Amino acid sequence: MSEHAKKAKLFLADESRSRWHDETLWMVRQKRDHVAGMVPEWEDLRQQASDIKTDVLEHLPKYLQQFEEKATHHGVIVLHAKDANEFNQLILSIIEKHEAKNIVKSKSMLTEECGLNRFLHTRGIEVTDTDLGERIIQFRGEAPSHIVLPAIHLKKEEIGETFHEKLGTEAGASDPTYLTRAARLHLRQKFLSADLAITGVNFAIAETGTVVVCTNEGNADMGVHCAPIQVHCMGIEKIIPRQTDLGIFTRLLARSATGQHVTTYTSHYGKAKPGGTMYVVIADNGRTPQLAEPKYRQALKCLRCGACMNTCPVFRRSGGHSYGYTIPGPIGSILAPRRDEKKWSDLPIASSLCGSCSNVCPAKVNIHEQLYAWRQDLMQHKKTSWLKRVTMKITGIVLANNGLYNLLGFAARKALKYLPHSWVYMPLNAWGRGRELPLPPKQSFKQWYKQNRKK
Amino acid sequence: MNNIDILKERLENAGASVILLTENQLQSCLETHFPSILNFTDTVTCEEYRKASLEKMEKIDTALFAGRFAVAENGAIWLEDEDLPQRVLPFITQKLVLQIHVSKVVDTMQEAYQQISLQNTGFGVFISGPSKTADIEQSLVYGAHGARELTVIMLS
Ligand code: SF4
C-alpha cells in the first residue's frame, strides 16, 4: 500500500469524522460555486489571472528587479534567499539584529515550507502563530492539514481539550464562540508585547513595491502594526506586475477560497510605520528549477486558495495529513515530486484524474494534466513501486495487442463467473479492497457492437 | 438592484450593520447609538492618538473613521494612512464604525484599484466586515483579532 493510502486508511477509520470532513469541504466548494456564479465575467477573470501569471513567470527577473527598486526607494529592506536554509538564516539574523524577543506570525506557507518555526525553536526562539487555526495546531504540535483551513481535521471537543490545557478554559467546554474569545484574549496579549511580526504575502506589486496580505481575522494587521519590525515573506512567484492587476486577483481569491466575496481585510503594505522597519524576504527555494521545466512551470501560477483541495474527491475523503507534504491535495501532489521524486512518488497517483481541480482553479493551473505527466515521468524514472511498474507493463502489452485483449477479456468474463471470491479478491488486488466488481457481462462490448450494427 | 443596495446586502452578509442617513442626522445618530465613540474624522482626536500607546488604544471601545470609497460587489471600504493617526486603530478598537458617502461607491474591485495610488501610500486597507474566523469546525465567529463589530454609516 502506498504511504498516502496507508494514512488515508487511518483517517477513514473514524467514520463520522471523515464523513464530516468530506461534507464540510464540499459545502465550502458549493459556497464558492454560489458566489462565483454571481460574477458574470468569472471565466474571463480566470483567464486574465492566468495570462498575467504566465507573463510573470516568463519575465520574472524583470518584475523582481522592478519590485526591489520601488520597495527600496520606499525605505523597505529587500532580502533574497536561495533556499530554505538561507531563508531561515536571514530571518534569524533579522531577529538577532533587532534583539526581538516576542515574535508573532500570521499565515505563511513559505515559512511552513522552510520549517522556520522548528529552525528558530532549536535556537531557543519561540514564534507565536496568530491565525486561530494555526495557533490550535501549534499548541498540539501538528502540521496544517489544509492551506486555508489549517485545523479542519479537528473536532471542537479536541480543540476544547487543548485550550483547557494551554489556556485554562473550562474543562469540557467546546463552544466555538467561547473558545475563539479565549484565543482572542490570549493573542491580544501577544500582539501588545510583540516586537517583531512575520507575515506571508498574497501578492507583491512590481510597479509600486507594495505587498498585499489578505486575512479574515485581522491577525496580520494586529501583528504588523503593533510590532516595530515587520517582516513579509514571499516566494518569487508572488509578484504581479501592476496595481490594477489586484482588481482581478482580489475578485478571484476569496471567492475561490472560502466562498466570500472578499476577505475581511485586504492590507497593502508599502512603507514602514513611523519609527518602524519593514523587510521583504524573497525566497527561491526550488522555484527556479521548476520554471525551467515547461511541463511543470504552470504550477507556479498557484494563488494558494485551496479550492482544488475542497473540490478533490480524494482530498475530502483522505484528509490533508495523508499527503505528508507541506502543501497537500492536488496542487501539493504536483509540487512535491519536484522536490523529491522517490519520496513523493505516490502523490500523483492519489487522484482520480477527474479534472475538477483544474476546473475550479482561479489561476487555471492545469493540475490534472500535470498529475498525469508526473505519473508518466515517475514510471519512466523508475520511482514508483516495482509492482505498479510490472502491472503497467503487462497492461500496456495487453492493450496494444488485439488478439490477446480479446482472449483475456473472454477469460476474465469466465473466470469472474466461476472463480471463488477469495481468489479474485486476493491481497495483490488492491483495487478489490473495499470494492466489489459488477457481475461480468455475457459478451464484450465489441461483440455486442458487431451484432447490433448489422441490424 | 442599484449599487447602494448591493453594497448594503454584501456588507450585511459579511456581518456588518448598515445605517442609511443624511449628513445632518449623523451627529444625533452617533450620540444615541455610540455615546462613547472616538471620532477620528475629527482632527483633535487624531492628534491625541497620533502618539498614543498600544495600552491606551487597546482600551478603545468604539472608533469612527471616514472611508474614502466603498466597493459594491463585496462591501469593501478603503482606508489609508492619511485617514489614520496610527495604523493599528481600526483593528485594535473593539467596535468599528465607518462612514461613507453614497456618491463614493464603485461597482467592482477593478474600478476600485483605479481610485487608489499605492505608489504614494505607506499603508492602505480594504475592510469589508467585522473580524471573523471559522477555524473551529467551520462555525462562523465574529471578533477573532480585529474589531468585533462593524457598523457602516452610508451618508447621502
Ligand atoms: S492550484 Fe489553483 S485551486 Fe489549487 S490552491 Fe492553487 S490557485 Fe487554488
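The values are calculated or read from the model by the stated rules, or taken from the named source; none is laboratory data. Just so we're clear, the structure is a prediction, and the values are computed from it rather than from any experiment. Here Cβ is always computed from backbone atoms with ideal geometry, including for glycine, and neighbour counts include all displayed protein chains. Quick note on the areas: whole protein, heavy atoms, side chains included, nothing else; ligands and nucleic acids left out. Shrake-Rupley method; radii C 1.70, N 1.55, O 1.52, S 1.80 Å.
Listed values, structure above:
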read-out: Checklist (1) open to solvent by less than 100 Å² (accessible area, probe 1.4 Å); (2) outside the structural domain of A:Lys343 (by TED's automatic domain parsing) applied to A:Arg433, failing item; value: (1)
read-out: Residue in the range A:369-385 that is of a type in the set (Val, Ile, Thr) and under 30 Å from A:Ala336 (Cα atoms) present; value: yes
read-out: Boolean, A:Lys417 is charged (D, E, K, R), assigned by TED's automatic domain parsing to the domain that holds A:Glu3 and farther than 22 Å from A:Cys312 by Cα; value: no
read-out: Subset tally (residues that are exposed (fewer than 12 other Cβ atoms within 10 Å of the Cβ) and of a type in the set (Phe, Trp, Tyr)) for the range A:407-430; value: 2
read-out: Helices (runs of 4 or more DSSP H) contained entirely in the range A:310-363, each with at least 3 residues that are outside the structural domain of A:Glu112 (by TED's automatic domain parsing) and either surrounded by 21 or more Cβ atoms within 10 Å (Cβ to Cβ) or away from the ligand (no atom under 14 Å from the Cβ) (or both); value: A:313-318, A:329-339
read-out: Filter result (in a loop (DSSP other than H, G, I, E, B) and either among the charged types (D, E, K, R) or open to solvent by 100 Å² or more (accessible area, probe 1.4 Å) (or both)) within the range A:374-406; value: A:Lys382, A:Lys383
read-out: Wholly within the range A:159-270, helices (runs of 4 or more DSSP H) carrying at least 2 residues that are open to solvent by less than 20 Å² (accessible area, probe 1.4 Å) and within 16 Å of the ligand (Cβ to nearest atom); value: A:245-257
read-out: Residue within the range A:251-266 that is under 16 Å from A:Asp51 (Cα atoms) and free of Cβ contacts under 8 Å to residues at least 24 places away in the same chain present; value: no
read-out: Complete set of residues in the range A:116-130 that are part of a loop (DSSP other than H, G, I, E, B), open to solvent by less than 100 Å² (accessible area, probe 1.4 Å) and of a type outside the set (S, T, N, Q); value: A:Gly124, A:Ile125
read-out: Spans of helices (runs of 4 or more DSSP H) in the range B:1-93 with at least 2 residues charged (D, E, K, R) and more than 13 Å from chain A (Cβ to nearest Cβ); value: B:3-13, B:43-49
read-out: B:Leu155 vs. criteria free of Cβ contacts under 8 Å to residues at least 12 places away in the same chain and over 21 Å from A:Glu217 (Cβ atoms); value: no
read-out: Tally, over the range A:271-307, of residues that are part of a loop (DSSP other than H, G, I, E, B), among the charged types (D, E, K, R) and within 16 Å of the ligand (Cβ to nearest atom); value: 1
read-out: Index of the failed condition, A:Ala84 passing every other in (1) open to solvent by less than 10 Å² (accessible area, probe 1.4 Å); (2) touching a helix residue (DSSP H, G or I) at 6+ places or on another chain (Cβ under 6 Å); value: (1)
